[in-house]
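**Student:** One structure, as structure tokens, below. Some questions next.
The values are calculated or read from the model by the stated rules, or taken from the named source; none is laboratory data. Quantities reported herein were computed from a predicted structural model and do not represent experimental measurements. Because the Cβ atoms are built from the backbone with ideal geometry, glycine has one as well, and the counts that use them run over all protein chains shown.
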Amino acid sequence: MIRPLTAADRAAVLALVGATGFFRPEEVEVAEEILDVYLGRPGQKDYAAVVIEDEAGAVAGYMTYGPTPLTRGTYDLYWMAVAPSAQGRGLGKALVAWLEAQVRGEGGRLILIETSSTAQYGPTRRFYEDLSYTEVARIPDFYQPGDDRIIYAKRLA
């Protein structure tokens, strides 16, 4: 089940973000800041957050997204993570499919996702490519020397 993230989910989400082993401490801090904006300012329109539950009703993954400022119909998928114990079961695909349906329902036309070029993120890049996201930009050495920022996009029909 995919549902809006609540304050009761915060600790579980941050634990699963840390458990993935993909994010540096400063990146986890940014994920936490986004959650706090989402939870602490209910009227804001910059970030939305959802969780996906496993069969037992526990938080198994989450995603934050929102409309890209100063655009018409473009959305960013900011953060997505699935607990290591729940990976490989289609939860990430379910989150992205849910996002695409949500964006279409809001009149959106384009979803952007950014990720790293490092070898560790190879499976992440293949995941997005398998879902028909296309690399549209690459900024060399963006995150640090040898770590490019790769931007994926998908136009929605």
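**Student:** In the range 105-127, how many are of a type outside the set (S, T, N, Q), closer than 22 Å to residue 69 by Cβ and within 16 Å of the chain's Cα centre (by Cα)?
**Tutor:** Going through the range 105-127 one residue at a time, the tally reaches 5.
**Student:** Here's another thing I want to ask about it. Please list, ordered by first then second residue, the pairs with beta carbon atoms under 6 Å, 6 or more apart or interchain, first in the range 112-123 and over 22 Å from residue 155 (Cα atoms) and of a type in the set (Phe, Trp, Tyr), second assigned to a strand (DSSP E or B) and modelled with pLDDT of 95 or more.
**Tutor:** Matching pairs, first to second residue: 121/115.
**Student:** Give the residue, chosen from 126, 104, that is part of a helix (DSSP H, G or I), in contact with a Leu (Cβ under 8 Å, 6 or more places away or on another chain) and surrounded by fewer than 15 Cβ atoms within 10 Å (Cβ to Cβ).
**Tutor:** 104
**Student:** Can you tell me how many residues within the range 72-82 are among the aliphatic types (A, V, I, L, M) and either assigned to a loop (DSSP other than H, G, I, E, B) or under 17 Å from residue 104 (Cα atoms) (or both)?
**Tutor:** So the count comes out to 1.
**Student:** Here's a follow-up. Look at residue 82 and say whether it is closer than 25 Å to residue 55 by Cα, buried (at least 17 other Cβ atoms within 10 Å of the Cβ), out of contact with any His (no Cβ under 9 Å at 6 or more places or on another chain) and aliphatic (A, V, I, L, M).
**Tutor:** So residue 82 passes the test.
**Student:** Grab the strands (runs of 3 or more DSSP E) fully contained in the range 1-71, keeping just those with 1 or more residues being touching a helix residue (DSSP H, G or I) at 6+ places or on another chain (Cβ under 9 Å), at negative phi and among the aromatic types (Phe, Trp, Tyr).
**Tutor:** The strands (runs of 3 or more DSSP E) meeting that bar are 59-67.
**Student:** Are there any pairs with C-beta distances below 8 angstrom linking a residue in the range 137-157 that is assigned to a loop (DSSP other than H, G, I, E, B) and surrounded by 12 or more Cβ atoms within 10 Å (Cβ to Cβ) to a residue that is at pLDDT 95 or above and β-branched (Val, Ile, Thr), with the two at least 6 apart or on different chains, and if so which?
**Tutor:** Here the result reads 156/103; 156/111, each pair linking the range 137-157 to a residue that is at pLDDT 95 or above and β-branched (Val, Ile, Thr).
**Student:** While we're looking at this one, here's another question. How many residues are loosely packed, with under 13 Cβ neighbours inside 10 Å and among the β-branched types (Val, Ile, Thr) when one looks only at the range 6-29?
**Tutor:** Count: 1.
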